[in-house]
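Enquirer: Below you'll find the structure I mean.
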Amino acid sequence: MDLLTPRGQTLFHETFDEGLTQWRLEGIGSPRVVENARGERALRLDSVGSIQGAEGCNFFHVKDFPDNIVLDFDLYVHFSDGLFITFVAVRGLNGEDMFSLPPRSGVFGDYVAKDALLRSYHVSVSRYNDKGEHTGVSNWRRNPGLYLMAQGPDPCRQIKTFYHLTVVKAGPHLQLGVNGVLAHEFVDPQTLPIPLPDSGKIGFRAIGSQIVVDVSNIRVTSLD
């Protein structure tokens, strides 16, 4: 199957004209607006000195987006000592706004553990461990519980390279595209007792001993 193409309206386009007022940090690091390697304004995330699984730089948009969306952005990873995660459809187990729940420390378990209070999907790319060794794959997971939904080759292995990422959320059908080409996808079999993640927030996580990433040209578009 090909990468799904949005035909609806633009719901959000981040130009950083207002700085980072529409985003919220959980965990560690110092998100900021920088000029990236192409001279564009970009969101820089880092949690240099962090350990995978522990507190990371987690950055979420304050708005809840509907289901059936396409999230596009450009990614530039500076070092191969860490990994980058994109979250979609983040909200409470009972549909709550994630920010109405008890504060989180930014450890990975806050978002994905079996006892976490949030449901979501996430996909990981540029998956290096804290020693700079590539882990071999890119994973789609459903939360809470870190359920592996799909796995494929990591399409973002080159450091200091711009990649255009497309994350499609069409109900139970999710896709990851890189540079306009479908990387991997899955359809959730919906066999878990927890309701299917549908609407909710988008967010990013940067974690690792030397993790520094730039995210730019962030756009959310409705599928229809």
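The values are calculated or read from the model by the stated rules, or taken from the named source; none is laboratory data. What you see is a predicted model; the values in this text were computed from it and never measured. Methodologically, a virtual Cβ is constructed for each residue, glycine included, from the backbone with ideal geometry; neighbour enumeration extends over all protein chains shown. Accessible surface is based on the protein model in full, side chains and every heavy atom, while ligands, DNA and RNA are left aside. Shrake-Rupley method; radii C 1.70, N 1.55, O 1.52, S 1.80 Å.
Enquirer: Which is the longest run of the chain containing none of the GluC sites (Glu not before Pro) found in DSSP loop states (not H, G, I, E, B) with at most 11 other C-beta atoms within 10 Å?
Expert: 19-132
Enquirer: While we're here: Give a residue-ordered list of calculated ³J(HN,Hα) values for the stretch 18-33 (Karplus: 6.51 cos²θ - 1.76 cosθ + 1.60, θ = phi - 60°; whole Hz; x for Gly, Pro).
Expert: Each residue's phi maps through the Karplus curve to give 9, x, 10, 5, 9, 10, 9, 8, 10, x, 10, x, 9, x, 7, 8 Hz.
Enquirer: Averaged per residue, what accessible area in Å² does the chain show with a 1.4 Å probe, protein chains only?
Expert: Numbers: 9200 Å² over 224 residues.
Heavy-atom SASA per residue in the chain reads 41 Å².
Enquirer: In a GNM of the chain with a 10 Å cut-off on Cα contacts, which of Asn36, Asn94, Asn68 has the highest mean-square fluctuation?
Expert: Asn94
Enquirer: Mind listing the long-range amide H neighbours of Met149? Cut-off is under 5 Å, sequence gap 5 or more, other chains count too, H placed in the peptide plane at 1.01 Å from N.
Expert: For Met149, the qualifying residues are Trp140, Arg141, Arg142.
Enquirer: Pull out the extension gain between Asp224 and Asn179, defined as 0.36 nm times the separation in residues minus the alpha carbon to alpha carbon distance; nm, one decimal.
Expert: On the way: separation 45, 0.36 × 45 = 16.20 nm, distance 2.16 nm.
Net length gain for the segment: 14.0 nm.
Enquirer: Please find, in a Gaussian network model of the chain (springs between Cα atoms separated by less than 10 Å), the residue of Gly106, Gly208, Gly56 whose mean-square fluctuation is greatest.
Expert: The residue with the greatest mean-square fluctuation here is Gly106.
Enquirer: Could you pull out the longest piece of the chain with no exposed loop trypsin sites (Lys or Arg not before Pro) in it, calling a site exposed if DSSP puts it outside H, G, I, E, B and it has at most 16 other Cβ atoms within 10 Å?
Expert: 161-224
Enquirer: With an 8 Å Cα cut-off and a minimum separation of 6 or more residues, compute the relative contact order for the chain in percent.
Expert: In percent, rounded to a whole number, it is 36.
Enquirer: While we're looking at this one, here's another question. Residue by residue, what Karplus-based ³J(HN,Hα) values in Hz, rounded to whole numbers, does the stretch 108-114 have, using 6.51, -1.76 and 1.60 with θ = phi - 60° and x for Gly and Pro?
Expert: Each residue's phi maps through the Karplus curve to give 4, x, 4, 10, 10, 5, 4 Hz.
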